[in-house]
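First up is the structure itself, then whatever we jot down about it.
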Amino acid sequence: MGRYSDKLKDIERLIGELKREAPEQIAAFHNFMAAVEKPSVLDGKQKELINLALAVAAQCEWCIALHTKGALDAGARRDEVIDAAMQAVLMHGGPALMYMTPVMEALEEFGA
């Protein structure tokens, strides 16, 4: 396993713990997430690319791993992932530029 695959496992582990410790809250969050991420006017790939850009701006490596993988699984190409992440750099500046590092590493690890 690589670093970003480990981040995905961290997310799974956290959600599992929260299902035991805060089942009502995590269920509500999961339902909200499912409703928002469901394809509608924007398709799943577009939503994952937006989520990735927001993850870069928020500087969340777990979110970057989740949404890089999600975008690739939804059919995004490497150049689309990089372009979406660069939108965060435009809007968030230098700190977001540094978070292109985990995007590039996640792309390599996930085979894009």
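Since every read-out is calculated from the coordinates, none of them should be taken as a lab result. Computed from a prediction, not measured in an experiment: that's the story for all the values here. Cβ: placed from backbone, ideal geometry, glycine included. Neighbour counts: every protein chain shown.
Name the residue from 91, 60, 39 whose Cα lies farthest towards the positive end of the charge dipole of the chain, charges +1 on Cβ of Lys and Arg and -1 on Cβ of Asp and Glu.
Of the candidates, 39 comes out farthest on the positive side.
How would 41, 103, 89 line up from fewest to most surrounding beta-carbon atoms within 10 angstrom?
Numbers: 41 6, 103 27, 89 19.
In order of increasing Cβ crowding within 10 Å: 41, 89, 103.
Test of understanding: ordering 3, 78 by Cβ neighbours within 10 Å, fewest first, what list do you get? Intermediate results must be reported in sequence, preceding the final value.
Numbers: 3 12, 78 16.
So the residues, fewest neighbours to most, are 3, 78.
Report, to the nearest 10°, how far helix 23-37 tilts away from the longest principal axis of the Cα atoms in the chain, using its own Cα long axis and a range of 0 to 90°.
40 degrees
Which shape class, rounded, prolate or oblate, goes with the stretch 26-72 when its Cα gyration tensor gives a ≥ b ≥ c as root eigenvalues, a/c under 1.5 marks rounded, and past that a/b bigger than b/c marks prolate?
Values: a/c = 2.05, a/b = 1.20, b/c = 1.71.
Oblate, because a/c is 1.5 or more while a/b does not exceed b/c.
Of 92, 30, how do they rank once you tally other Cβ atoms within 10 Å and put the fewest first?
Working: 92 17, 30 13.
By the 10 Å Cβ count, ascending: 30, 92.
Which of the trypsin sites (Lys or Arg not before Pro) found in the stretch 4-65 are in a DSSP loop and have at most 13 neighbouring Cβ atoms, other than their own, within 10 Å? Don't skip to the answer; put the middle values down first.
Numbers: sites: 7, 9, 13, 19, 20, 45, 47; in loops: none.
For trypsin sites (Lys or Arg not before Pro) across the stretch 4-65 that sit outside H, G, I, E and B with at most 13 neighbouring Cβ atoms in 10 Å, the list is empty.
Can you tell me the 0 to 90 degree angle between the C-alpha axis of helix 78-92 and the longest principal axis of the chain, rounded to 10?
The helix 78-92 is inclined about 90 degrees to the chain.
Using only Cα atoms, find the angle between the long axis of helix 44-58 and the longest principal axis of the chain, and express it within 0 to 90 degrees, rounded to the nearest 10.
80 degrees
For mean projected area of the Cα convex hull in nm², which listed value, (1) 8.3; (2) 11.8; (3) 7.1, comes from the coordinates shown?
(3)
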